[in-house]
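Asker: Take a look at this one; I'll ask things after.
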Amino acid sequence: MTGLLFKMAAIGLAGIGAQWAAWWLRVPAIALLLIAGIILGPVTGYVNPYEEFGDVYKPAVALAVAIILFEGGLTLNFSEIKETGRGVLRIVIAAGPLVWLFSTLAAHYAAGLSWPAAAVLGAILVVTGPTVIIPLLRNAQLSQRPASLLRWEAIVNDPIGALFAVIAFEVYLVLYGEHTFGGFAITFIVAAVVAVGGGYLGGKGLAWIFQNGRVPDFLKAPVLLIAVLLAYAISDAVLEESGLLTVTVMGITMANSRMASLAELRRFKETVTILLVSGLFIMLTASLQPETFAQLGWGTVIFVALVLFFVRPFAIFIATIGAGLSYKERLLISWIAPRGIVAVAVSGLFGQALVENGVADGAQLTALAFAVVAATILLHGFSLKPLAGRLGLKSAERPGILLIGGSSFADALAEKLLELNLPILVADSNYKHLRKAKMADVPVYFGEVLSEQAHHDITLNRYSHLVALTDNDAYNSLVCTEFGPELGRNKVFQIGQRKEDDEDRKAFNFTLGGRPLFRQPRELSDLRTELWRGWSFSVTKLTEEYSFKHYMEARPDNTALLLWVKPNENIVFRMENRETEPGPGDTLLAFGPPGTGDVARENDKPRSEEPPEPDTD
């Protein structure tokens, strides 16, 4: 028992360690998970989950995959695909069967599989795993339309590919007398009704009881988790693998319901999914045996090459004719199709089932599926970002800043950030606050940034930092608290935060809100007054001769250094890391009194004896 506990701990450590290292090295996490699993399993032989976990292994993998697909469904909102709906339908309805057909032919003629095994493997390769593509999209900074297409395809195609495999396997059993065609047809129709209808009713039912307070907040996440597992088990009992479709439909249904607690549920499910993806991929890879790799020959190499360079591109280009996509978008989508956990898990399940029903080469399914998974993870994972950049399909070539709240101070800051060639966006729900910025050609968003619509309208991966600049401390804290988990707690800033020694009973708890933008907290009214007195933003580039020490000596003590941009285009806020100092090559942005900028201007002086009125509605 102790040995098994250590092995389970090793799987968890390797999985999360790989995720952490991938974040640190800025490489696809799934590639490091693949390497870690091979080291723990086939290379060292320390872990063999398939044998050591016994009968629990397959059900645990199946339920984990169901949770992952449900979490993916929770991220799909129909308002997101207004422009890409036709493309998504073409890729799922037309490209999926074409990939199945062409992959089957490649598996039979190149890999040498029998027709039953080839048909099942071809169906499995329809999937493009969300466990792989979603982390890749997070790092690649794709523009909204191709990113939406790839995400929807990955999540929707996973259960469809599994059902295609069920159909291929059941057709084999019908042809060889194990099952009757009528019995299979009835079962399949019932399963489809149960999967789609049950998923929809289950999602609507959960949304209703959550919206009407039938479940307390502290129980919502556990109830949701158990409901997903129960829905999967019921549907799977009708027809094997149909449960994946059930939970996907359930997730999409809930994502499009008006639920106030949906954001919290998404974050819980995302945390669970990261743990499951990390552990599952390690387990599935570690379960591969050296003899599995011995089955891979030149036929496998040709088969993988056909899948990557012919099957997927040809199917996508045919299916998306007249779908309203540009040639560059079609080219990117035709190449990017990484497979993941579902492909490996389902191939192992059906490979064993084929062997038990007289198809000896069904044992090769896992090896071939793993070869495709490994090749697509490495080739697609490391080529997505540079290919998107070459095709001009990245949302931004460098990280930017999201400014919440329009005002004279926000306008001045935005104009200076644009001079630094930083992508920015000023968001406000009051159009009057955005008028001056819009007249100055500053990018603006008119609407409530906390709304569900803004979640789909604003491409958040374009921005590495957020600054809340409204005159409402509570709203600033709310915005920073909301966006903190997505951007990083150390990447969200606000004005008007209380001092650390402020014991006012109305002050916010230190766990809420973002970091202060200034070392000495300032309200928006203070910043407006300073602007009226002639304060301005200045940009200065440090060199070997002109160091940060020289810079600070030349500025008054009350000059506020806000941030600096490094030569690699990364943005560092002063209050993000107080121990770090800028160095040669860094470009500094500061806010200070007259004469501290690059040029002291006459029009920086006050024009009247009274400060301006605050921005009003």
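None of the figures in this text is laboratory data; all of them are computed from the coordinates on show. Remember, predicted model here, so these are calculated numbers, not experimental data. Note that we place each Cβ from the backbone using ideal geometry, even for glycine, and neighbour counts take in every protein chain shown.
Asker: Within the chain, which is the longest segment that contains none of the GluC sites (Glu not before Pro) sitting in a DSSP loop with at most 16 other Cβ atoms within 10 Å?
Answerer: 179-396
Asker: In addition: For the stretch 1-134, calculate the relative contact order in percent as a whole number, restricting contacts to Cα pairs under 8 Å that are 6 or more residues apart.
Answerer: 15
Asker: Collect residues whose amide H, placed 1.01 Å from N in the peptide plane, falls under 5 Å from the amide H of residue 129; neighbours closer than 5 in sequence don't count.
Answerer: 339, 340
Asker: Rounding to the nearest 10 and keeping the result within 0 to 90°, find how far the Cα-based axis of helix 262-286 lies from the longest principal axis of the chain.
Answerer: For 262-286 against the chain, the angle is about 50 degrees.
Asker: Moving on to the next point. Go ahead and estimate [θ] at 222 nm for the chain from helices alone: -39,500 (n - 2.57) per DSSP H run with n ≥ 4, summed, over the residue count, rounded to 500. Could the numbers behind the result be given before it?
Answerer: Numbers: 25 runs with 347 residues, N = 617.
The helix contribution divided over the chain gives -18000 deg cm²/dmol.
Asker: Counting only DSSP beta bridges with both residues in the chain, tell me the antiparallel percent, nearest 5.
Answerer: Beta bridges within the chain, antiparallel portion: roughly 45 percent.
Asker: Rounded, prolate or oblate: which fits the stretch 401-477 when a ≥ b ≥ c are the square roots of the eigenvalues of the alpha-carbon gyration tensor, with rounded for a/c under 1.5 and prolate only if a/b beats b/c?
Answerer: Taking the square roots of the gyration eigenvalues as a ≥ b ≥ c, the stretch 401-477 is rounded.
Asker: Residue-wise, which Karplus ³J(HN,Hα) couplings in Hz belong to the stretch 66-71, taking 6.51 cos²θ - 1.76 cosθ + 1.60, θ = phi - 60°, and x for glycine or proline?
Answerer: Working through the residues one at a time gives 4, 5, 5, 5, 4, 4 Hz.
Asker: For the stretch 313-326, what does the Karplus curve 6.51 cos²θ - 1.76 cosθ + 1.60, with θ = phi - 60°, yield as ³J(HN,Hα) per residue in whole Hz, taken in order and with x for Gly and Pro?
Answerer: x, 5, 4, 5, 5, 5, 5, 9, 4, x, 8, x, 9, 6
Asker: Still on this structure: Long-range amide H contacts for residue 444: which residues qualify at under 5 Å (H placed 1.01 Å from N, peptide plane, sequence gap of 5 or more or a different chain)?
Answerer: Counting only residues 5 or more places away or on other chains, the set is 426.
Asker: Using the alpha-carbon atoms, what tilt in degrees (0 to 90, nearest 10) does helix 181-211 show relative to the longest principal axis of the chain?
Answerer: It is inclined by approximately 20 degrees.
Asker: Specify the inter-centroid distance of the stretch 229-259 and the stretch 1-67, based on alpha-carbon positions, in whole Å.
Answerer: For the stretch 229-259 versus the stretch 1-67, the Cα centre distance is 26 Å.
Asker: Further question: Take the alpha carbon gyration tensor of the stretch 274-343, find the square roots of its eigenvalues, order them as a ≥ b ≥ c, and report rounded if a/c is under 1.5; if not, report prolate when a/b exceeds b/c, else oblate.
Answerer: oblate
Asker: For the stretch 3-131, rounded, prolate or oblate, judged on the Cα gyration tensor with a ≥ b ≥ c (square roots of eigenvalues), a/c < 1.5 rounded, else prolate if a/b > b/c?
Answerer: Judged from the Cα gyration tensor, the stretch 3-131 comes out oblate (a/c at least 1.5, b/c at or above a/b).
Asker: Another question, then. Taking volume of the Cα convex hull per residue in Å³ straight from the coordinates, which label in (i) 223; (ii) 155; (iii) 188 is the correct one?
Answerer: Read-out taken from this structure: (iii).
Asker: Would you mind getting me the FRET efficiency between residue 317 and residue 378? Use the beta-carbon distance for r and R0 = 25 Å, nearest 0.05.
Answerer: 0.60
Asker: May I pose another question? Show me, for the stretch 405-420, the HN-Hα J-couplings you get by feeding each phi into the Karplus relation (A = 6.51, B = -1.76, C = 1.60, θ = phi - 60°), rounded to Hz, glycine and proline as x.
Answerer: Once θ is set to phi - 60°, the couplings for the stretch 405-420 become x, x, 5, 4, 5, 4, 4, 5, 5, 4, 4, 6, 5, 5, 4, 7 Hz.
Asker: Here is a further query. Show me the trypsin sites (Lys or Arg not before Pro) within the stretch 520-549 that DSSP assigns to loop and that have at most 16 other Cβ atoms within 10 Å of their Cβ. Could the numbers behind the result be given before it?
Answerer: Numbers: sites: 522, 528, 533, 541, 549; in loops: 522, 533.
Of the trypsin sites (Lys or Arg not before Pro), the ones in loops of the stretch 520-549 whose Cβ has at most 16 other Cβ atoms within 10 Å are 533.
Asker: Sticking with this structure for a sec: Dipole of the chain (Lys/Arg Cβ +1, Asp/Glu Cβ -1, origin at the Cα centre): which of 470, 542, 335 lies farthest to the positive side?
Answerer: 335
Asker: Between the alpha-carbon centers of the stretch 443-478 and the stretch 541-582, tell me the distance in whole angstrom.
Answerer: Rounded to whole Å, the Cα centres lie 26 Å apart.
Asker: Within the stretch 20-92, report the trypsin sites (Lys or Arg not before Pro) that DSSP leaves as loop and that have at most 12 other Cβ atoms within 10 Å.
Answerer: When the trypsin sites (Lys or Arg not before Pro) of the stretch 20-92 are filtered for loop state and at most 12 Cβ neighbours within 10 Å, 26, 82 remain.
Asker: Follow-up question, since we're still on this one. With an 8 Å cut-off on Cα pairs and a minimum separation of 6 or more residues, tell me the relative contact order of the chain in percent.
Answerer: Relative contact order of the chain: 14 percent.
Asker: Separation between the residue 294 and residue 490 pseudo-spin-labels, each 7 Å from Cα along Cα→Cβ, expressed in nm?
Answerer: According to this spin-label approximation, the distance is 5.0 nm.
Asker: Of 432/491; 491/566; 7/269; 416/436; 220/491, which ones are farther than 19 Å apart at the Cα?
Answerer: The answer is 432/491; 7/269; 220/491.
Asker: Using a Förster distance of 35 Å, how high is the FRET efficiency between residue 520 and residue 8, based on the Cβ-Cβ distance and rounded to 0.05?
Answerer: Efficiency for this residue pair is about 0.10.
Asker: Taking 25 °C and 0.890 mPa s as the conditions, I'd like the Stokes-Einstein D for the stretch 64-196 in µm²/s, using the Kirkwood hydrodynamic radius from alpha carbon pairs.
Answerer: 151
Asker: Then there is this: Amide H of residue 563: which non-local residues (sequence gap of 5 or more, or other chain) have their own amide H closer than 5 Å, using H built in the peptide plane?
Answerer: Here the answer is 574, 589, since their amide H atoms fall under 5 Å of that of residue 563.
Asker: Also, I was wondering about something else. Give me the extension gain from residue 237 to residue 25: residue separation times 0.36 nm, minus the current Cα-Cα distance, reported in nm with one decimal.
Answerer: So the chain would gain 72.0 nm between residue 237 and residue 25.
Asker: I'd like the orientation of helix 96-109 relative to the chain: the angle between its Cα long axis and the longest Cα principal axis, in ° from 0 to 90, rounded to 10.
Answerer: 50
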